[in-house]
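Nothing in this text is a laboratory measurement; each read-out follows from the coordinates by a stated rule. These figures come from a predicted structure and were not determined experimentally. Note that we place each Cβ from the backbone using ideal geometry, even for glycine, and neighbour counts take in every protein chain shown.
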């Protein structure tokens with residue numbers, strides 16, 4: 001079986017996959033990925049395609065970011081519709097040593113009004129390895145030459161058979177260093193699961209300049225920093241959606257929902 005035939009088959013039948021493809025081969029399967037509504041990343045510098053069907057784990061993290069941006073607006077910190085969150089919007093035409101054949105669907109992007117590129121992105125890993133998440137982070141930060149300045153990475157260890165609660169997970173923030181022209185770690189890794197003793201004090205903070213960049217005019221309050229992005233809120237959303245994730249994964253139905 002040719003590599004391209006295998007990819008076409010797996011896109012139709014599998015939940016995820018990773019392959020070595022040329023740019024031309026990727027072009028032949030990109031429409032299939034979009035029709036499947038798969039989350040995908042193609043790095044032409046490495047000749048690597050990865051795809052995955054989004055889960056309720058990914059959706060939970062997206063909801064966490066969306067609610068945070070909604071809080072900015074409802075609290076009067078930003079202009080109405082001054083910032084939007086877009087989910088799985090494909091980004092293309094990356095720069096430098098990462099060639100223009102690249103394509104990437106960040107799980108979520110934060111877009112101040114009028115910007116082509118998001119200022120911040122969210123990458124969620126469930127079955128994906130942490131190394132794969134870091135590769136995607138490099139594509140987003142270095143491939144845009146810092147137009148995307150921050151990436152929040154959420155890594156959740158997949159549930160083992162029989163497990164009904166998340167056992168391990170963490171959050172790490174990366175930023176683009178303009179002097180070094182590369183990714184650097186911002187702050188310490190924060191444990192998500194198991195919840196630490198200081199879980200009520202776990203949050204991320206950002207300045208308005210980091211979130212809005214050249215669209216700082218969308219900030220209309222006196223606050224110097226954004227509302228805290230609480231990890232406890234993410235845990236609460238994830239905990240509610242693990243059961244949904246497992247129900248669809250193992251095709252479990254609740255007959256009471258027919259009433």
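Here, segment 1-53 yields an orientationally averaged convex hull projection of 3.1 nm² when only Cα atoms define the hull. Taking segment 116-181 as the region of interest, what is the percent of Cα-Cα pairs per 10 angstrom bin, listed from the shortest bin to the one with the maximum distance? Using 10 Å bins, I get a P(r) of 21, 44, 23, 10, 2 for segment 116-181. Sorting the segments 183-191, 231-239 by their residues' average number of neighbouring beta-carbon atoms within 10 angstrom, most packed first, yields 231-239, 183-191. Note on the chain: the C-alpha convex hull projects to 16.3 nm² when averaged across all orientations. Listed peptides 166-172, 57-63, 75-81 appear in the order 57-63, 166-172, 75-81 once ranked by packing, highest mean of other Cβ atoms within 10 Å at the front. Counted by neighbouring Cβ atoms within 10 Å, the residues 117, 64 run from fewest to most as 117, 64.
Reported value for segment 161-259: 208 Å³ per residue, from the convex hull of its C-alpha atoms. Segment 10-85 gives an Rg/Rh value of 1.16, both radii derived from C-alpha positions and Rh following Kirkwood. Dividing the summed helix terms, -39500 (n - 2.57) for each DSSP H run of n ≥ 4, by the number of residues in the chain produces a 222 nm estimate of -10000 deg cm²/dmol to the nearest 500.
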